[in-house]
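Contents: one structure, followed by commentary.
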Amino acid sequence: MRELVFVEPGRVEWLDVPEPTLQGAHDALVRPIAVARCDLDLPMAAFGLFPGPFPVGHEIAAEVAAVGPAVDRFRLGDRVIVPFQVSCGSCAPCGRSVFAACATHRAPLGASFGFGVSGGGFGGGVSDLLAVPHADHLLVSAPPDITAEVLAGLSDNVADGYRAVAPGLRQRPDGDVLVIADTAGAIPLYAVLAARALDAPRIRYVDRDPVRAQIAAGFGAEVIVHTGPWPRRFEAAATVVEAAGDPDGLLCALRSTEPYGTCTTVSVSFQPVTLPLVEFYTRGITFHTSRADGRRLLPEVLDLVTSGRLDPSDVPTTVVPWDSAPDAWLTPATKLIVAR
Ligand SMILES: [Zn+2]
Ligand SMILES: [Zn+2]
């Protein structure tokens, strides 16, 4: 079969590899039909953040192609969403619905599709066939009236935007939401869409990218196009999302969080960051950093999508044919989806 492989920084290509086979009675094989590029995928492929070669793609909509004898919930041809993290559904953390902390599958970056050995050596989504363990637990049935292109992005970046605002809004439904963005990608825009879907009374959006700021304005956010270094703080909000991607942006986001408010970072800090914690001690700031737990969040995100309250395709999305994946994967776009 053919799969798209990160070979070295700046180079991804199709490789012919043996088809995966069912390894256990609870496994399934799925045929990916649409794969979205996560905001992290482009820097991973362009700069080689993690050691390759490895098959890429972890935002996956697929059709079930084979099931093991113990799989009850799925049949051939069923459309599914494949959450990007691999979890078993039966260990102690999974029993607490903390699937991203699954104790059965561990890896340096957390067990995930499309990250190579750093993600535990699972397959990538831009492939003809993908092996999925614990299918009854891990796969999520796709509602019939949602396109594969929309389904693909839900398990990671859309869920990431949602989890960055939902807990804060649950705690302070009357509070402002503030999104501070700089790094390329769609997650901060999904955060705005999620905040709007959750009836946030006021959404403010700060970005150095005027194009993305314009998009956020179209979603109803009050927008600041920021230039120069990050200020000490912006007007405080109860729910703050940091997508600035640098330590000064993170510090600004934390200082822009109201006392006893919540600041969630959707950035990945690869370098140590020094924080003046005493500033946040007296103000009781909750700071959250984690991967988005796709399997846990998907039902909540799907509810918003199927009810029409959140449409991820409102974010400008470049959909390309499957065969163009090698070139497209390294081409900047707010959101890229390869689809059959
Ligand atoms: Zn991702
Ligand atoms: Zn588990």
Can you go through Phe122, Phe84, Phe54, Phe50 and tell me which one is within 16 Å of ligand 2 (Cβ to nearest atom) and in contact with a helix residue (DSSP H, G or I) (Cβ under 8 Å, 6 or more places away or on another chain)? Phe84
Subset of region 167-196 [over 13 Å from Arg212 (Cα atoms) and surrounded by fewer than 24 Cβ atoms within 10 Å (Cβ to Cβ)]: Pro167, Leu169, Arg170, Gln171, Arg172, Pro173, Asp174, Gly175, Asp176, Arg196
Within the set of pairs 6+ apart or on separate chains, which have a first residue in region 65-90 that is of a type in the set (Ser, Thr, Tyr), a second that is at pLDDT 95 or above and within 16 Å of ligand 1 (Cβ to nearest atom), and C-beta atoms under 6 Å apart? Ser87/Phe99; Ser87/Arg295
Pick from region 53-87, criterion open to solvent by 10 Å² or more (accessible area, probe 1.4 Å) and not in a loop (DSSP other than H, G, I, E, B), ranking: farthest from Pro20 (Cα to Cα): Arg79
Could you list all residues from region 232-245 that are open to solvent by less than 30 Å² (accessible area, probe 1.4 Å) and touching an Asp or Glu at 6+ places or on another chain (Cβ under 8 Å)? Ala237, Ala238, Thr239, Ala243, Ala244
Identify, by number, the condition in (1) in contact with a strand residue (DSSP E or B) (Cβ under 8 Å, 6 or more places away or on another chain); (2) at pLDDT 95 or above; (3) open to solvent by 10 Å² or more (accessible area, probe 1.4 Å) that Asp248 doesn't meet. (1)
Members of region 22-54 that are more than 26 Å from Ser269 (Cβ to Cβ) and within 16 Å of ligand 1 (Cβ to nearest atom): Pro32, Ala34, Val35
Checking Pro326 against (1) farther than 29 Å from Phe270 by Cβ; (2) in contact with a strand residue (DSSP E or B) (Cβ under 6 Å, 6 or more places away or on another chain); (3) in a helix (DSSP H, G or I), only one condition comes out false. Which one? (1)
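The values are calculated or read from the model by the stated rules, or taken from the named source; none is laboratory data. Note that this is a predicted model, so its numbers are computed, not measured. Virtual Cβ from ideal backbone geometry, glycine too; neighbours counted across all protein chains shown. Only protein heavy atoms, including side chains, enter the accessible area calculation; ligands, DNA and RNA are left aside. Shrake-Rupley method; radii C 1.70, N 1.55, O 1.52, S 1.80 Å.
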